[in-house]
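Below: the structure, in structure tokens.
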Amino acid sequence: MPKVALITGADRGLGLGLTQRLLASGWTVIAGKFLDWPELDALQASFPERLIQVSLDVSSDSSVAQAVAEVQLRLDGIDLLICNAAIQRSAEVQSITEDLNFDHMIAEFNTNTLGALRVTNAFFPMLQASSMKRLCYVSSEAGSIAESKRTGWFGYCMSKAALNMAVKNMHNDLSHQGYSFRLYHPGWMRTYMSGAKNQEAHYEPDEAADFALKHFLSAVDESQVRLVDWQGNEMPW
Ligand SMILES: NC(=O)c1ccc[n+]([C@@H]2O[C@H](COP(=O)([O-])OP(=O)(O)OC[C@H]3O[C@@H](n4cnc5c(N)ncnc54)[C@H](OP(=O)(O)O)[C@@H]3O)[C@@H](O)[C@H]2O)c1
């Protein structure tokens with residue numbers, strides 16, 4: 001039986017690149033679909049059995065519950081979870097002296113931090129059913145307190161720092177039960193986080209997906225969880 005991965009935010013960007021690569025490597029992929037972009041539909045013809053598209057808004061309890069119900073009808077377990085979905089709404093804010101949009105920050109927390117917890121929690125019975133139990137979280141250098149040079153971007157930076165803490169707590173809880181964790185900064189990618197495709201960034205998401213999968217599927221010392229970048233370097237928290 002092919003191994004099974006669940007990827008959130010698989011419509012575009014890094015999530016789509018990860019979906020394509022895992023499918024090409026023989027995995028079954030449950031691809032969390034957020035909006036109606038055409039890219040996943042275009043892949044479906046090539047992988048009619050192994051690509052399973054599921055509507056999944058990680059910021060919504062009911063959407064996540066519905067996704068769990070749908071996936072449980074088709075599969076018994078999930079081997080690899082990749083919590084990738086995120087939004088960025090706060091980059092234009094450079095200083096505490098500016099007007100702050102707290103609704104934007106709440107949305108960033110709900111998607112980037114709580115979304116990862118919500119999905120892990122709701123799919124936990126399916127993760128428990130697998131022997132692989134690999135849980136991967138796409139964070140960012142923006143969440144590293146030690147490396148921080150920004151003066152604003154409050155919601156995004158804080159949501160990623162909080163995600164790092166959540167992953168550390170889950171590692172404390174679950175690493176002795178056979179679960180392994182990857183916490184990852186994918187580098188600066190030409191993706192859609194800022195609304196339009198960023199043409200100035202360093203990597204196409206396809207290339208970034210190669211680096212990411214190498215780390216997600218590699219053997220590492222599982223006694224600690226580390227924030228690792230796309231070059232395999234450990235980053236300070
Ligand atoms: N881009 C970078 O340079 C960079 C750097 C460091 C870390 N990261 C991290 O890398 C990950 C992937 O980002 P990306 O650059 O590939 O961005 P992206 O192109 O915007 O992809 C993010 C994906 O998440 C989806 N999404 C947004 N809100 C969602 C929700 N509530 N529920 C489910 N899915 C949702 C998006 O759907 P829509 O496209 O329909 O909105 C999109 O498919 C994120 O965790 C990001 O924080 C990115």
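Test of understanding: what is the full-extension gain from Thr97 to Gln224, defined as 0.36 nm times their sequence separation minus their Cα-Cα distance?
Full extension from Thr97 to Gln224 adds 41.9 nm.
Under the rule of at least 5 residues apart or a separate chain, name every residue whose amide H is placed under 5 Å from the amide H of Ser90.
Close amide H contacts, sequence-distant or interchain: Tyr156.
Of Lys160, Lys3, how do they rank once you tally other Cβ atoms within 10 Å and put the fewest first?
Going from least to most buried by this count: Lys3, Lys160.
Amide H neighbours of Ser55 under 5 Å, at least 5 residues apart or on other chains, H built in the peptide plane: list them.
Amide H to amide H, under 5 Å and 5 or more residues apart or across chains, Ser55 pairs with Lys33.
Where does each of Ser90, Ser148, Ser95, Ser159 land when they are ranked from fewest to most other beta-carbon atoms within 10 angstrom?
Ser95, Ser148, Ser90, Ser159
Where in the chain are the DSSP H helices whose C-alpha atoms run 15 Å or more along the long axis and whose mean Kyte hydropathy is at least 0.0?
Span-like helices here: 13-24, 61-74, 154-174.
With the calculation restricted to Cα positions, what are the radius of gyration and Dmax of segment 4-235 in angstrom?
16.8, 53
For Ile7, Ile87, Ile106, what's the fewest-to-most ordering of other Cβ within 10 Å of each Cβ?
Least to most surrounded, the residues fall as Ile106, Ile87, Ile7.
Taking every Cα atom in segment 43-135, find the radius of gyration and the maximum pairwise distance Dmax, and write them in Å.
16.6, 53
Once phi is turned into ³J(HN,Hα) by the Karplus curve 6.51 cos²θ - 1.76 cosθ + 1.60 with θ = phi - 60°, what whole-Hz value does each residue of segment 222-237 show in order, with x for glycine and proline?
8, 6, 10, 10, 10, 7, 10, 9, 5, 8, x, 7, 6, 9, x, 5
Read phi for every residue in segment 132-142 and hand back ³J(HN,Hα) as whole Hz from Karplus 6.51 cos²θ - 1.76 cosθ + 1.60, θ = phi - 60°, with x for Gly and Pro.
Working through the residues one at a time gives 6, 6, 9, 10, 10, 10, 8, 9, 6, 4, 5 Hz.
Laboratory data are not the source of any read-out in this text; all were calculated from the coordinates shown. Please read these numbers as outputs of a predicted model, since none were measured by experiment. Counting neighbours? That spans all protein chains shown, and the Cβs are built from the backbone with ideal geometry, glycine included.
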